[in-house]
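S.K.: One structure, pasted below without further comment.
The values are calculated or read from the model by the stated rules, or taken from the named source; none is laboratory data. Quantities reported herein were computed from a predicted structural model and do not represent experimental measurements. We place every Cβ from the backbone using ideal geometry, glycine too, and count neighbours over all the protein chains shown. Heads up: the accessible areas ignore ligands, DNA and RNA and are worked out on the full protein's heavy atoms, side chains in. Shrake-Rupley method; radii C 1.70, N 1.55, O 1.52, S 1.80 Å.
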Amino acid sequence: MRSTHSFGIDFLIRRCKENNKKALIYARISVDGERKEISIKEQIDAGAWNPKEETVKGKTIEVKAVNDYIDDVRFKIKEKYRMLEDSGALITAESVKAAYLGIHTLQKGHTLLELMTYYKEIWEPKLKWGTYKNYLTTIDYVTLFIPTKYPGGDIYLSQLNMQLATDFEHYVRNHPIKEHDPCKGNGLAKHIQRFKRMVNWSVEIEWLKIHPFGKYSCGVKKSKRKKLTLEEVITIDQHYFVNEKLGYIRDLFIFSCYTGLAFADVMALSATDLERADDGTLWCKIYRTKSDEFCAVPFLKTATSMIDKYWESGNALSGGTIFPSVTNQEVNRCLKNLMEIFGIVLNMTFHLARHTFAKTVALKNGVPLETVQIMLGHTKISTTQIYAD
């Protein structure tokens with residue numbers, strides 16, 4: 001199937017730097033708005049050029065030879081364009097220029113946007129929503145970026161290179177999807193990582209032979225994770241709230257401080273996840289919602305008492321989850337109120353409780369890092385080490 005491109009050839013002159021009365025003739029190739037120029041190595045008097053006719057004025061034998069050569073170049077460039085079109089190869093101004101100069105390598109196959117679409121189709125059922133939605137944002141950035149460099153709105157995978165990766169990073173840094181929320185630092189690095197992973201997947205499914213910018217680096221900077229002190233945890237735990245909602249959010253947060261469970265895991269917790277040991281210790285044994293890694297946590301007395309409190313509410317007894325449903329966004333909004341109430345300078349989000357458990361509750365009380373890894377349900381101990389720093 002023959003694709004449709006806008007294609008044109010124009011001839012123009014550029015005056016010589018050493019003598020502006022002389023000029024060199026150039027052929028300009030235009031494909032889908034992209035332009036490339038080729039010097040045809042002919043020098044003429046600048047004043048003899050007819051820009052409208054794109055020919056040299058005069059009737060001498062020398063002038064006729066130059067004009068014939070211009071026609072010959074025009075014919076050969078068109079011939080190369082038709083050759084590329086008939087072969088199904090990649091057609092750009094650069095590829096037509098390369099074909100004319102005899103250095104063209106056929107580029108065809110799958111396109112970048114085709115890869116993005118296929119990636120979404122295959123990986124949507126495999127990835128957790130939290131991960132998948134981040135890939136969707138990266139794909140949105142790629143989709144917005146490509147037309148800024150390629151007017152056709154898409155490129156072949158064979159066109160990917162280190163410069164494109166560099167340009168993509170520059171685009172994301174300077175053109176955030178949300179104007180009020182610039183994408184820099186680790187957020188930017190994550191988009192580069194996801195873009196690289198998708199291209200690497202195209203190598204795995206043999207759409208590409210090698211990763212064209214696999215060595216491109218935009219490193220994630222390790223930041224020191226914040227956590228509450230034990231004194232702050234106890235103060236929040238012992239505070240009496242008149243507002244029942246704030247009291248409930250506090251309970252969820254403190255429960256995570258003493259168990260290390262992520263928000264999704266707390267919300268999904270049911271009676272079937274709990275097991276009472278012979279010594280009376282209540283254990284939580286689940287597969288984490290995010291990573292599907294096994295997570296085993298012995299509950300401290302404070303956490304156990306909260307389980308008892310909400311178990312008696314009747315929700316768990318009817319076969320549902322132990323804690324009544326609430327959204328993560330709603331919890332984090334309420335935690336902002338707790339920041340003000342207790343004068344806490346840290347940015348309180350529910351995830352802060354998980355870090356507090358790892359550092360303040362577990363590691364400071366002599367629990368080995370490897371054990372904390374299991375309790376947090378991490379696939380890599382290097383991830384747990386971030387919580388420990």
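S.K.: Please find, among Glu62, Glu94, Glu79, the residue that is among the charged types (D, E, K, R), assigned to a helix (DSSP H, G or I) and within 22 Å of Leu208 (Cα to Cα).
M.R.: None of the other options fit; the residue is Glu94.
S.K.: Let me ask something else. Identify all residues within the range 1-57 that are closer than 18 Å to Leu84 by Cα, in contact with a strand residue (DSSP E or B) (Cβ under 9 Å, 6 or more places away or on another chain) and among the basic types (Lys, Arg); write none if there are none.
M.R.: Arg28, Arg35, Lys36
S.K.: Could you pull out every one of the helices (runs of 4 or more DSSP H) wholly within the range 288-384 that has 3 or more residues that are over 24 Å from Lys245 (Cα atoms)? Talk me through it step by step, then tell me what you get.
M.R.: Details: elements: 301-311, 328-342, 350-356, 369-376.
By residue number, 369-376.
S.K.: Additional query: Among the listed residues Ile192, Ile249, identify the single one that is open to solvent by less than 50 Å² (accessible area, probe 1.4 Å), more than 23 Å from His351 (Cα to Cα), of a type in the set (A, V, I, L, M) and not in a loop (DSSP other than H, G, I, E, B).
M.R.: Only one candidate passes the filter, namely Ile192.
S.K.: May I pose another question? Confirm whether Leu115 is loosely packed, with under 15 Cβ neighbours inside 10 Å, at pLDDT 90 or above and part of a helix (DSSP H, G or I).
M.R.: No.
S.K.: A follow-up question, please. Under 7 Å between Cβ atoms, which residue pairs at least 6 apart in sequence (or on different chains) link something in the range 65-89 that is of a type in the set (Phe, Trp, Tyr) with a partner that is open to solvent by 60 Å² or more (accessible area, probe 1.4 Å)?
M.R.: Taking only residues 6 or more apart or on different chains, the pairs are Tyr81/Phe7.
S.K.: Looking at the range 225-246, which of the residues that are open to solvent by 50 Å² or more (accessible area, probe 1.4 Å), among the charged types (D, E, K, R) and in a helix (DSSP H, G or I) is nearest to Arg333 (Cα to Cα)?
M.R.: So, considering only residues that are open to solvent by 50 Å² or more (accessible area, probe 1.4 Å), among the charged types (D, E, K, R) and in a helix (DSSP H, G or I), the one nearest to Arg333 (Cα to Cα) is Lys245.
S.K.: For the range 292-302, check the following and say yes or no: at least one residue is crowded, with 17+ Cβ neighbours inside 10 Å, closer than 24 Å to Lys126 by Cα and in contact (Cβ under 8 Å) with a residue 40 or more places away in the chain.
M.R.: yes
S.K.: Residues Lys178, Lys133: which one is without any contact (Cβ under 8 Å) to a residue 12 or more places away in the chain, farther than 22 Å from Lys215 by Cβ, part of a helix (DSSP H, G or I) and open to solvent by 60 Å² or more (accessible area, probe 1.4 Å)?
M.R.: Lys133
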